[in-house]
Amino acid sequence: MWSALLRTTVLSGALVPVAYTQISPPDFPPLPVPITSGYTQTDLDQLWQSVEQSGIPVVKANITRVLEPLANFSVSPEPPRFRPAYLQANTSSVKLPKGFLYGVSTSATQVEGAVKEGGRGPSSWDWVCHNVPSTCSGQTPDVVVNEYYLYKQDIQRVKAMGVNTFSFSFAWSRILPFGGKGSPVSEEGLQFYDNFIDELLKNGIEPVATLFHWDTPINLMSQGGFLNRSIVEDFNNYASIVFQRYGNKVKTWITFNEPLAYCAVYSTFPFDPSQKGGASAALTPFICAPNLIEAHATAVQTYRGLVSQGKIAKGKISIKHDGQKPLPFDPDSESDRQVADRVADFFEG
């Protein structure tokens, strides 16, 4: 995940990677005390103080205003195609079907930067990369490629590539700084995504929107994150806000990116340091998964309800898995086929 971050830090005006030392679980700083009412600026500041408690401050990019598309922009010449002649000959007549979505993909944590701008609250990635820096190779989401300010130029480049689709994710805590149902909504955060989506559409690029790409608001992580069933209602509230705001602009929706990876890894230690490993870590995927699946199903019902009420346009909605199709060791063996089916059911649903 962090290769893009490592590759672009200097270009986007961030500091060089911070120095860090490996620390063990007992030395981890505590998560912030959950905030469940009030939701003042002081409360938000306290959440950010918990991010910076280990002495690694949040930094800003050198560029802190939205830049317009580049003038006299040109695409670099296409490099030589290092493909065997037989492959070139066999694929030269292949064409993608009409309506095929072919494009690029990002996630908010990896590209947006500007983590404190517009009243955004911290996510689990902000907390862990500042407090357990070895987890993120000494990098942070503070700046990354600075898409928050450079999105017009990013989209200009994507258009020049000739693709028709841009898959991106919303940062939950940019829209709801405290994450939960009672959190105030950041209009500035919503406006950023309005501007981003409008720029895509203006350039003839179809947006594909993901609601969750592993960046749980830290205020919800302090309450157990997806190990706490209450997050189902919190996620549905967030999803409803996003659907109603962008449902007439976005036609393709993803509720969760790679849920298996999230529940197996990012729902627990060190992203939630209250989970110390051992048996509890082995059990967390089986606690996380039912809550996440219910959150997905509830959000889908909400989306379809808004469509049926005529509040938003009809589109497509699904979940994005990261697994592979398991094949039986012996295709002629009934027991082997059953094993392959069970594996598929377990990992893909």
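The values are calculated or read from the model by the stated rules, or taken from the named source; none is laboratory data. Treat the numbers as computed from the prediction; the structure is a model and nothing was measured. Note that we place each Cβ from the backbone using ideal geometry, even for glycine, and neighbour counts take in every protein chain shown.
Scanning region 19-51 for residues that are of a type in the set (F, W, Y) and either under 15 Å from P133 (Cα atoms) or loosely packed, with under 11 Cβ neighbours inside 10 Å (or both), which turns out modelled with the highest pLDDT? So that I can check it myself, show each step before the final result.
As a first pass, look at region 19-51 and keep what is of a type in the set (F, W, Y): 20, 28, 39, 48.
Now restrict to residues that are either under 15 Å from P133 (Cα atoms) or loosely packed, with under 11 Cβ neighbours inside 10 Å (or both): 20, 28.
Details: Y20: 40, F28: 73.
Out of the qualifying residues, it is F28.
Of the listed requirements (1) touching a His at 6+ places or on another chain (Cβ under 6 Å); (2) farther than 28 Å from L44 by Cβ; (3) among the hydroxyl-bearing types (S, T, Y), S169 misses just one: (2).
I need the full set of residues from region 119-138 which are at pLDDT 95 or above and either touching a Lys or Arg at 6+ places or on another chain (Cβ under 7 Å) or outside any helix (DSSP H, G or I) (or both), in order please. R120, G121, P122, S123 - these are the residues of region 119-138 that are at pLDDT 95 or above and either touching a Lys or Arg at 6+ places or on another chain (Cβ under 7 Å) or outside any helix (DSSP H, G or I) (or both). May I ask you to verify whether D142 is in contact with a helix residue (DSSP H, G or I) (Cβ under 7 Å, 6 or more places away or on another chain) and either surrounded by 24 or more Cβ atoms within 10 Å (Cβ to Cβ) or among the charged types (D, E, K, R) (or both)? So D142 fails the test.
Checking the condition touching a residue at least 40 places away in the same chain (Cβ under 8 Å), surrounded by fewer than 20 Cβ atoms within 10 Å (Cβ to Cβ), out of contact with any helix residue (DSSP H, G or I) (no Cβ under 9 Å at 6 or more places or on another chain) and more than 30 Å from P77 (Cβ to Cβ), which residue from D198, D194 passes? Before you say what the answer is, go through the steps one by one.
Values: D194 fails: out of contact with any helix residue (DSSP H, G or I) (no Cβ under 9 Å at 6 or more places or on another chain).
Checking each option against the conditions leaves just D198.
Does N228 meet the test of being polar (S, T, N, Q), modelled with pLDDT under 95 and closer than 26 Å to P30 by Cβ? So N228 fits the description; yes. Criterion applied to D142, D215, D154 was being part of a loop (DSSP other than H, G, I, E, B) and in contact with a Ser or Thr (Cβ under 9 Å, 6 or more places away or on another chain), and the one residue passing it is D215.
For region 100-126: of the residues being of a type in the set (A, V, I, L, M) and closer than 16 Å to T210 by Cβ, which is surrounded by the most Cβ atoms within 10 Å (Cβ to Cβ)? Give the derivation first.
In the first step, residues of region 100-126 are kept if they are of a type in the set (A, V, I, L, M); the result is 101, 104, 108, 111, 114-115.
Subset that is closer than 16 Å to T210 by Cβ: 101, 104, 108, 111.
Numbers: L101: 13, V104: 14, A108: 28, V111: 22.
For region 100-126, the residue satisfying everything is A108.
Considering region 75-118, the residues that are of a type in the set (D, E, K, R) and part of a loop (DSSP other than H, G, I, E, B) include one that is nearest to S186 (Cα to Cα), namely K116.
Among the listed residues T255, T298, identify the single one that is modelled with pLDDT of 95 or more, within 17 Å of the chain's Cα centre (by Cα) and within 17 Å of N236 (Cα to Cα). Give the derivation first.
Numbers: T298 fails: within 17 Å of the chain's Cα centre (by Cα).
Of the residues listed, the single one that is modelled with pLDDT of 95 or more, within 17 Å of the chain's Cα centre (by Cα) and within 17 Å of N236 (Cα to Cα) is T255.
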